[in-house]
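One structure below.
Nothing in this text is a laboratory measurement; each read-out follows from the coordinates by a stated rule. In this text the structure is predicted, and so the values were computed from the model without any measurement. Every residue, glycine as well, gets a Cβ built from its backbone with ideal geometry; the counts of neighbours run over all protein chains shown.
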């Protein structure tokens, strides 16, 4: 059972937006898009600074709509959300010591979407390092350690997390040595997420119950985006060419984007005055690079036009 309840109104609106998207971008195939949309009705239980306990938080139902929400897809830098929560869990449990350098890496992983920073974070989470290929015995030990983040998420018992894989670093040019061997000959061990799994994790961060109230607030501060960026800004701003581009200037945005030459994703929590807050995760695969940069803003603008007034 999903963490949100299916809603007839959102089903109608969501389907309408998808149909408009495919009409606007005819090269986008129906299997190249996945989406999860959550609306927070009054009383709004998120972005409250963690005002209620986790037990109380999960008692509040939220309305939602998903299209291919359980479809496993390569997440690109969206996986950094999962490493963000995990590193805060490790710090909270004193499994690793805090340091200024670690704090710098956490910030750069989310704010700048730095792959180099993410490499350090995953090393710290797992006690593994990149390097030359290993003999079979040590490599098995290395692989077991590298799966500790997967084991953490499986321990949460969320059905949305059953199909995910979060054990790979993110790369610019690609993996080498033991990292390439770990990925598999056919890339069968690459990172995998779904929009439903991503939505539920972001839901807990925005709800103030990811790890702790204080740590959720720290994560939210890193996810906050400035909408006042030039139209020709690079992808690294995670606004132009993503969901933030489709928002009015008075909106507030917290998000994490992910992109490669083959995919373009975004996961966002959005507040607009006089509108119900909402959470939206969209994964886009394939299509031409120029089309991909326009799809997420189009979907975002379409959502803004139909989101229920309070």
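Arranged from fewest to most other beta-carbon atoms within 10 Å of their beta carbon, 58, 158, 254, 37 become 58, 158, 254, 37. GNM on the chain, alpha-carbon springs under 10 angstrom: the most fluctuating residue among 274, 108, 266 is 274.
What whole number of Å gives the distance from the Cα centroid of segment 159-180 to the Cα centroid of segment 104-132? Comparing the Cα centres of segment 104-132 and segment 159-180, I get a distance of 12 Å. To the nearest ten degrees, helix 8-24 and the longest principal axis of the Cα atoms of the chain are 80 degrees apart. When the chain is modelled as a GNM with alpha-carbon springs shorter than 10 Å, which of 172, 127, 14 fluctuates the most? With Cα springs under 10 Å in the chain, the top fluctuation among 172, 127, 14 is at 172. Counted over segment 5-284, the DSSP beta bridges are approximately 95% antiparallel.
Compared with the dominant principal axis of the Cα atoms in the chain, helix 136-146 is inclined by about 30°.
Cα axis of helix 79-92 to longest principal axis of the chain: angle in degrees, 0 to 90, nearest 10? Rounded to the nearest ten degrees, it is 70. Taken along its principal axes, the alpha carbon cloud of segment 1-127 reaches lengths of 49, 40, 23 Å, longest axis first.
Classify segment 152-310 as rounded, prolate or oblate, taking a ≥ b ≥ c as the square roots of the eigenvalues of its Cα gyration tensor: rounded when a/c is under 1.5, otherwise prolate if a/b is larger than b/c and oblate if not. Oblate shape, in that a/c is at least 1.5 and b/c is the bigger or equal ratio. Each of 252, 225 has some number of other Cβ atoms within 10 Å of its Cβ, and from fewest to most they run 252, 225. Taking 0.36 nm per residue of separation and subtracting the Cα-Cα distance, full extension of the segment from residue 52 to residue 116 would add 19.5 nm.
Using helices alone, I'd like the mean residue ellipticity at 222 nm for the chain: each DSSP H run of four-plus residues gives -39500 (n - 2.57), total over residue count, nearest 500.
Only helices count here, giving -12500 deg cm²/dmol.
For the pair segment 245-310 / segment 1-33, the C-alpha centres are spaced 13 Å from each other. Largest first, the three principal axis extents of the alpha carbons in segment 5-284 are 58, 45, 38 Å in whole numbers. Considering only 198, 237, 129, the mean-square fluctuation computed in a Gaussian network model of the chain, springs between alpha carbons under 10 angstrom, is largest for 129.
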